[in-house]
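Participant: Just passing along the structure, written as structure tokens.
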Amino acid sequence: MQIIESPKVYDAIIVGSGAGGGMATKILSEAGLQVALVEAGPFYDPTDPKFMTQLKWPWESPRRGAGSTRAFGDFDAAYGGWEIDGEPYTRTPGTKFDWFRSHMLGGRTNHWGRISLRFGPNDFKHKDVDGLGDNWPISYDDIKPYYDRVDKLIGIFGSKEGLYNEPDGFFLPAPKPRLHELYYIKAARQAGVKVIPSRKSIVTKRINDDRGVCFYCSQCSRACSVKADFSSSSALVFPAQKSGNVDLFVNAMVREVSTDSNGLATGVSYVNKEDRQEYRLKGRTVVLAASACSSARIVMNSKSGQHPNGIGNGSDVTGKYLHDSTGSSRSFFVPQLMDRKIYNEDGVAGMHVYSPWWLDNKKLDFPRGYHIELGGGLGMPSYGFGFAASEMNMFVGEQTGGYGDKLRDDVRKYYGATMGVAGRGECIAREDNYCEIDPNVVDEWGIPVLRFNYTWSDNEIKQVKHMHETFEEIFDKIGAIPLGDKPGKDSNYGIADPGRIIHEVGTTRMGDDPKTSVLNKYQQMHEVKNVFIVDGGSFVSQADKNPTWTILALSMRTSEYIIEQLKSKNI
Amino acid sequence: MDRRESMKSMLVGTLAGGLVINGCAPSGEPASQGVTPKTGLYGRMPAEIARDQQLIEDKFFSEHELETIAVLCDLILPASGEFGSANDAGVPEFIAFIAKDMRYQQVPLRGGLMWLDNRANRKFGTNFKSCTGSQHKELLDEIAYPDKATPEVGQGVRFFNLMRNLTLTGYYTTKMGIDALGYKGNSPNVWDGVPDDVLAEHGLAYDEEWLAKCIDQQTRNEIAKWDDNGNLLN
Ligand SMILES: Cc1cc2nc3c(=O)[nH]c(=O)nc-3n(C[C@H](O)[C@H](O)[C@H](O)COP(=O)(O)OP(=O)(O)OC[C@H]3O[C@@H](n4cnc5c(N)ncnc54)[C@H](O)[C@@H]3O)c2cc1C
Ligand code: SF4
């Protein structure tokens, strides 16, 4: 098979169009650089009716929105999931990792939760606080200006709280809490748990003429047709295309970074999924943003005489220090919410309020913290609505089960009377949690696949145990009744399997020492100066916060560094 | 921004929003209750369209099974007042689709229907769908109340739980069911807090400090401006 080479030499080839790749595309192209954006999935535009699932009714899906083909249901805007036909991954026996991928323009940002938390000063130097893990080579002050600019460029609502490790930004005003959230606020305060307005990248107040304002449909996971939520496609890539400097390649699965005899990158090769042919693009720099594990896979698969262990991987650190957030959840029945008056309660998607980490670990038997997310309310029915509808009768001394008109009353009585809470916490990054190339397996494009090796330690399990104790303490304050059994020791206190929280980071971490890190503090490979990685791979530690706002800020910072380095002919 | 300017931009904002919203609102009413919608109309990928089409064409339940499901569905959710029954809402067709879409449901459903026919035959010498109203009641009463049911009919209880779940979910995800429930959302809106009468009923109130952090919806269409410290100016 012949490899088809394009004659054009790009200033930058960006691999992957999610949070990291979208930001790099915007900054680099608007600075006048010629950019190739190479995306493994198909084209996707949330504003095009052809793709749109927003404002659809459950009956428009014959399975009423169930998750038979899409992990989060028929109306979720994710092309991908935990398993993708033709693109397997494997696990070392005795370990677990579930890997979520979305292959589409915009990647996972089309349907993510939009919880947008900047990291705090401690999060970059947590080794100084508790001696565990490693410090980042940068501090909060280094990245603060970029967080500020991301806030203004993309739009985020929140509130100024003056909390040291939950730094404030440039917020749009928050939406008012809904009824179940008022109950949560009351309960959390009584239990001594901090509660503040959420911070989400949803435009509650106009930020420019290009993006719309939220009209409160609660459906950001379906991607917003008026571009009022942050998706890399509608908020970064499409605006960047207006510069005329972006060549977009879709259905293009990058296999490897190619190099010259000096070991410098010369471009990438990819498989065109439509004709199954292999193509090569040439570029002066290569910016990987395929998501932390996918980029690590490309790095390890890019073997050459100069880079026998994968490009820029002389340290053998690539794939190591993989970490995901910890997570666990519980549901509660809130008797006060029985027989509610019904009104349009759709707000922004997900929660209007949340609890940031509020305790001091010195008094606890585990390191690092977690935040609490919550859900509830008068949501739109979809597959699963009405299951076990009359079961809650047991809490009010009435007959469970049955049939006939009584079921209509039961459904109505308990509609909107339950709440869910979830903890999302920090796991300490470990060298022995890693992904590597499986020596025996390829995907349908002939590309060697990842094998995962990941276990939780006592640190994370104790943290999750604490989450469950907190959940019960909070809900006890309003007399709410926990549903199901509290997970015990036998189930590791209900800790979600690694990968399940979908915050994979750390696989090509940054640092000052080339022996113990892949990237320097500008997300530039120590060993190959014209290769950069701008997804979550560079994270040294994950914090008790979701990763995406930090991915965006770092990608912005790195992109400007690339522009400067190209200008001064350093690369 | 002076007042006229801001009025103008608010108008533009609302109008523009309105236009876009009209453009993407679901096109009219569903053809009729219970007719399986033509596939591909809800943002499907080509592979999903092909899969849906195949499932719609496939057949799993026999006529007898479908008739039994129809009888069961209306016993579970008969018509009531202004709202139609499970059959009126097309629930049997929905269950037939689910059995093809989620293959793990096939044995519990088919086997459960057989269990029920067998039970009816033993008790009344006829299959379930041909039983009289009082015979149906007797058969259902022994499996519909998990807390009271005898161990002897444990499998029947389990099957009936499944049928009840699928019937309720199938019903409340149709237009008829959503109207019966009273769900009001899935349409462009401006959320501006819990209605006062609801707050009063629950003995709750917004505190001023919190409200100060929330959007004044009058200003949602003004382009946000901050000072250098992140204080919103408008
Ligand atoms: C349901 C859900 C909810 C989430 N909620 C939140 C949240 O509330 N807050 C938060 O901060 N984070 C959240 N996340 C995580 C968030 O989506 C990710 O952190 C973010 O999208 C990462 O951006 P990225 O650019 O690294 O990767 P992605 O967004 O995954 O983009 C990577 C892109 O690269 C492409 N690609 C992969 N391999 C190749 C290849 N070989 N060649 C070419 N292209 C390739 C992919 O197709 C994809 O488009 C959530 C994720 C999910 C799934
Ligand atoms: S909740 Fe708001 S931002 Fe999210 S999809 Fe609906 S309108 Fe768009």
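The values are calculated or read from the model by the stated rules, or taken from the named source; none is laboratory data. If you're wondering where the values come from, they're calculated on a predicted model, not measured in any experiment. Here the Cβ is made from the backbone with ideal geometry for all residues, glycine too, and neighbour counts use every protein chain on show.
Participant: What pairs come up if the first residue lies in region A:253-271 and is part of a loop (DSSP other than H, G, I, E, B), the second is more than 16 Å from ligand 2 (Cβ to nearest atom), and their beta carbons are under 7 Å apart, counting only those six or more places apart or on different chains?
Facilitator: Matching pairs, first to second residue: A:260/A:266; A:263/A:306; A:263/A:307; A:263/A:528; A:264/A:528; A:264/A:530.
Participant: Test residue A:69 against the criterion of being assigned to a loop (DSSP other than H, G, I, E, B), of a type in the set (S, T, N, Q), away from ligand 1 (no atom under 11 Å from the Cβ) and within 11 Å of chain B (Cβ to nearest Cβ), and give yes or no.
Facilitator: yes
Participant: Follow-up question, since we're still on this one. Could you figure out which of (1) away from chain B (no Cβ under 11 Å); (2) more than 16 Å from ligand 2 (Cβ to nearest atom) isn't true of residue A:167?
Facilitator: (1)
Participant: Turning to a different aspect of this structure: Would you confirm, using the coordinates I've provided, whether residue A:69 is among the hydroxyl-bearing types (Ser, Thr, Tyr), within 15 Å of residue A:232 (Cβ to Cβ) and surrounded by fewer than 22 Cβ atoms within 10 Å (Cβ to Cβ)?
Facilitator: no
Participant: Here is a follow-up. Note down all Cβ pairs under 7 Å where the first residue falls in region A:199-223 and is within 7 Å of another protein chain (Cβ to nearest Cβ), the second is polar (S, T, N, Q) and in a loop (DSSP other than H, G, I, E, B), and they're at least six residues apart or on different chains.
Facilitator: Pairs found: A:206/B:221; A:213/B:221; A:215/B:189; A:216/B:189; A:217/A:54; A:217/B:186.
Participant: Would you check if residue B:138 is of a type in the set (Asp, Glu), surrounded by fewer than 16 Cβ atoms within 10 Å (Cβ to Cβ), more than 17 Å from residue A:343 (Cβ to Cβ) and in the same structural domain as residue B:87 (by TED's automatic domain parsing)?
Facilitator: yes
Participant: In region A:84-137, which residues are charged (D, E, K, R) and either assigned to a helix (DSSP H, G or I) or within 22 Å of residue A:509 (Cβ to Cβ) (or both)?
Facilitator: A:91, A:96, A:98, A:101, A:108, A:118, A:123, A:125, A:127, A:128, A:130, A:134
Participant: Given the residues A:451, A:368, A:424, A:430, which is the only one that is in contact (Cβ under 8 Å) with a residue 60 or more places away in the chain, assigned to a loop (DSSP other than H, G, I, E, B) and surrounded by 20 or more Cβ atoms within 10 Å (Cβ to Cβ)?
Facilitator: A:368
Participant: Give region A:514-571 a look and list any residue that's free of Cβ contacts under 8 Å to residues at least 40 places away in the same chain and among the small types (Gly, Ala, Ser), or say none.
Facilitator: Listed by number, the residues that qualify are A:538, A:568.
Participant: Give the residues of region A:234-247 that are buried (at least 18 other Cβ atoms within 10 Å of the Cβ) and either away from ligand 1 (no atom under 11 Å from the Cβ) or farther than 26 Å from residue A:564 by Cα (or both), sorted by residue number.
Facilitator: Passing the criteria: A:234, A:235, A:238, A:239, A:240, A:245, A:246.
Participant: Restrict the check to region A:79-88 and report whether at least one residue is within 11 Å of ligand 1 (Cβ to nearest atom), within 11 Å of chain B (Cβ to nearest Cβ), buried (at least 23 other Cβ atoms within 10 Å of the Cβ) and under 30 Å from residue B:168 (Cα atoms).
Facilitator: Yes, region A:79-88 contains a residue that is within 11 Å of ligand 1 (Cβ to nearest atom), within 11 Å of chain B (Cβ to nearest Cβ), buried (at least 23 other Cβ atoms within 10 Å of the Cβ) and under 30 Å from residue B:168 (Cα atoms).
Participant: Are any of the residues in region B:168-176 surrounded by fewer than 18 Cβ atoms within 10 Å (Cβ to Cβ), in the same structural domain as residue B:80 (by TED's automatic domain parsing) and either part of a helix (DSSP H, G or I) or modelled with pLDDT of 95 or more (or both)?
Facilitator: yes
Participant: Kindly provide the set of residues from region A:321-346 that are over 19 Å from the mean Cα position of the chain (by Cα) and either within 15 Å of ligand 1 (Cβ to nearest atom) or farther than 19 Å from residue B:204 by Cα (or both), ordered by number.
Facilitator: Result: A:330, A:331, A:332, A:346.
Participant: With the checklist (1) of a type in the set (D, E, K, R); (2) within 11 Å of chain B (Cβ to nearest Cβ); (3) out of contact with any strand residue (DSSP E or B) (no Cβ under 7 Å at 6 or more places or on another chain); (4) away from ligand 2 (no atom under 16 Å from the Cβ) in hand, flag the one item residue A:123 doesn't pass.
Facilitator: Only one criterion in (1) of a type in the set (D, E, K, R); (2) within 11 Å of chain B (Cβ to nearest Cβ); (3) out of contact with any strand residue (DSSP E or B) (no Cβ under 7 Å at 6 or more places or on another chain); (4) away from ligand 2 (no atom under 16 Å from the Cβ) is unmet by residue A:123, namely (2).
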